[in-house]
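Working notes, structure below.
The values are calculated or read from the model by the stated rules, or taken from the named source; none is laboratory data. Computed from a predicted model, the values in this text were never measured in an experiment. No Cβ is skipped: glycine too gets one built from the backbone with ideal geometry, and neighbour counts run over all protein chains shown.
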Amino acid sequence: MTAVMDAASTEYGEAYTLVLQGLWEHVRAGQEEILLSPYLPASCAFLTHVLFCAPFFVLDALSSVSQRVRSWRISAGSGAPPSLRLWFDCFWRVLFRYLTVVLPVTALFQTLRSPMLPALGPSCWQLFVEVCACFLLFDTFFFIWHFCMHRFSWLYRNVHQLHHQHRATFALAAQDASSTELLSLLLLALSSAWLVGCHPLSETLFHLLNSWMAVEDHCGYNLPWALHRVLPILGGAPFHQAHHSLYRSNYAPYFTHWDHLFGTYHA
């Protein structure tokens with residue numbers, strides 16, 4: 001019986017690997033110039049951020065007429081949902097910083113990386129391990145950098161303070177920060193994938209999930225289907241809202257283990 005189950009598991013694994021290989025070959029076919037473009041990371045980071053914010057823009061609009069949606073908003077310091085003017089002001093600030101600083105610097109960073117694309121797609125296990133490793137590494141780097149930005153007054157005033165203009169967070173504000181902070185976080189994500197040695201598919205999935213989790217953390221809603229309800233090791237929007245309210249706690253972006261270890265966790 002065990003042998004049959006192992007054989008079935010192997011077959012399913014090989015089938016999914018073939019799917020990933022097919023996907024990778026389809027992506028590579030005639031698209032190498034785009035995939036190797038130095039402007040791709042910053043462009044995708046901005047576009048996916050805006051796209052992932054769209055559902056929360058709708059929620060903010062609905063909260064004025066729906067009691068159910070209002071009940072999902074995090075009460076501590078949140079108050080009324082952000083106005084349409086606040087959303088658009090935030091959008092133009094983030095776009096300006098991407099165009100003037102993030103795009104050119106990340107383009108330079110990308111030119112220093114290997115231009116080679118592998119012929120083979122990743123296995124399912126490789127994809128899973130690489131994405132998890134990227135998240136753990138990025139979470140560690142972010143915790144250290146975030147902690148330093150709060151504990152050193154010069155860094156806070158000149159790099160991080162702009163992000164804390166929003167005491168009540170909303171989705172688009174996840175990247176409403178100074179150009180230096182925006183650039184540093186994108187470089188941390190790119191460096192994490194580079195240190196892990198990710199396959200391009202793994203790196204793409206990591207960046208997509210990273211963007212979604214950052215938006216969800218700042219959305220201002222404690223949604224019934226949020227990731228932190230599925231995975232208790234994640235802090236989620238309530239965890240990060242507490243950081244924006246208290247300033248000196250909950251420094252990690254997603255997981256809570258570093259804040260527990262260093263005594264900076266606040267429920």
| said: Conditions first: (1) of a type outside the set (S, T, N, Q); (2) out of contact with any Asp or Glu (no Cβ under 7 Å at 6 or more places or on another chain); (3) more than 15 Å from Phe143 (Cα to Cα). Leu227 passes all but one, so which condition is the exception? | reply: (2)
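Find the residue count for region 113-126, including only residues that are part of a loop (DSSP other than H, G, I, E, B) and more than 14 Å from Ala193 (Cα to Cα).
Of the residues in region 113-126, 9 are part of a loop (DSSP other than H, G, I, E, B) and more than 14 Å from Ala193 (Cα to Cα).
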| request: Could you please let me know if Asn222 is at pLDDT 90 or above and surrounded by fewer than 22 Cβ atoms within 10 Å (Cβ to Cβ)? | output: yes
| field | Leading residue by the ranking (surrounded by the fewest Cβ atoms within 10 Å (Cβ to Cβ)) among those in region 130-183 that are aliphatic (A, V, I, L, M), within 20 Å of Thr256 (Cα to Cα) and without any contact (Cβ under 8 Å) to a residue 40 or more places away in the chain | value | Ile144
| request: Would you check if Leu187 is part of a loop (DSSP other than H, G, I, E, B) and of a type in the set (A, V, I, L, M)? | output: no
| message | What's the total number of residues in region 244-259 that are in a loop (DSSP other than H, G, I, E, B), of a type in the set (Gly, Ala, Ser) and over 19 Å from the mean Cα position of the chain (by Cα)? | response | 1
| Pairs under 6 Å by beta carbon, first residue farther than 11 Å from Ser43 by Cα and among the aliphatic types (A, V, I, L, M) in region 99-116, partner assigned to a helix (DSSP H, G or I) and modelled with pLDDT of 80 or more, six or more apart or different chains? | Val101/Ser179; Val101/Leu183; Val105/Leu183
| query | List, please: which pairs have Cβ atoms under 6 Å, are six or more places apart or on different chains, and start with a residue in region 198-215 that is surrounded by 19 or more Cβ atoms within 10 Å (Cβ to Cβ) and of a type outside the set (S, T, N, Q) and end with one that is assigned to a loop (DSSP other than H, G, I, E, B) and at pLDDT 90 or above? | reply | Met213/Tyr254
| Got a sec? Which of Ser202, Ser211, Ser192 is in a helix (DSSP H, G or I), in contact with a Ser or Thr (Cβ under 6 Å, 6 or more places away or on another chain) and of a type in the set (S, T, N, Q)? | Ser211
